[in-house]
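Here the structure is laid out as structure tokens; the discussion comes afterwards.
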Amino acid sequence: MPTADTPPPSSPASVRNEAHGRCMCGRVKFVARFPSRMAAHCHCESCRRSHSAGFVTWIGFPSDQVVVLEGEQDHVSYESSPGTQRTFCRVCGTKLFFRSTRTERWAKETHIALAAFDDPVDRAPSGHAFYEEHVPWLPFMQVDQPDA
Ligand SMILES: [Zn+2]
Ligand SMILES: [Zn+2]
């Protein structure tokens with residue numbers, strides 16, 4: 001029986017108060033409690049290189065709403081620039097979190113790769129960050145809410 005703490009994944013995000021996620025191999029599991037603060041696609045070179053992807057879609061939460069439930073020993077981080085940590089599972093390599101002290105706001109937030117979630121989250125991506133750095137081979141994307 002699902003309890004109040006673990007609603008079935010089929011529940012819509014509107015009736016949930018948190019979302020669970022994991023790395024590819026499942027060793028690292030986390031939960032993020034709603035409300036999130038933002039969700040956006042980031043086109044910066046650091047995100048693209050770190051994830052070997054055309055862009056990375058992040059959802060940001062206050063850091064105290066994010067808890068690693070399992071696999072902390074396999075959840076390691078890489079300092080991609082001074083003050084910026086990108087975390088990943090050392091077994092399967094899945095990229096999970098971005099934490100940075102570069103801005104006052106970011107210092108209190110944990111950005112989580114949206115694709116790492118199993119459950120629906122409380123918002124859809126609403127903008128593009130660093131779109132000016134986007135790769136030339138992406139198909140046309142609607143960019144109506146630039147962010148930075
Ligand atoms: Zn893993
Ligand atoms: Zn980025």
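Read-outs throughout are calculated quantities, based only on the coordinates presented, and are distinct from any laboratory measurement. Computed from a predicted model, the values in this text were never measured in an experiment. Note that each Cβ is placed from the backbone with ideal geometry, even for glycine, and that neighbours are counted across all protein chains shown.
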Handout entry: Rounded if a/c under 1.5, otherwise prolate or oblate - region 18-129, Cα gyration tensor axes
Key = rounded
Practice task
Sum up the charges of everything whose Cβ sits under 13 Å from the Cβ of V121, counting Lys and Arg as +1 and Asp and Glu as -1, but leave V121 out.
Solution key: 0
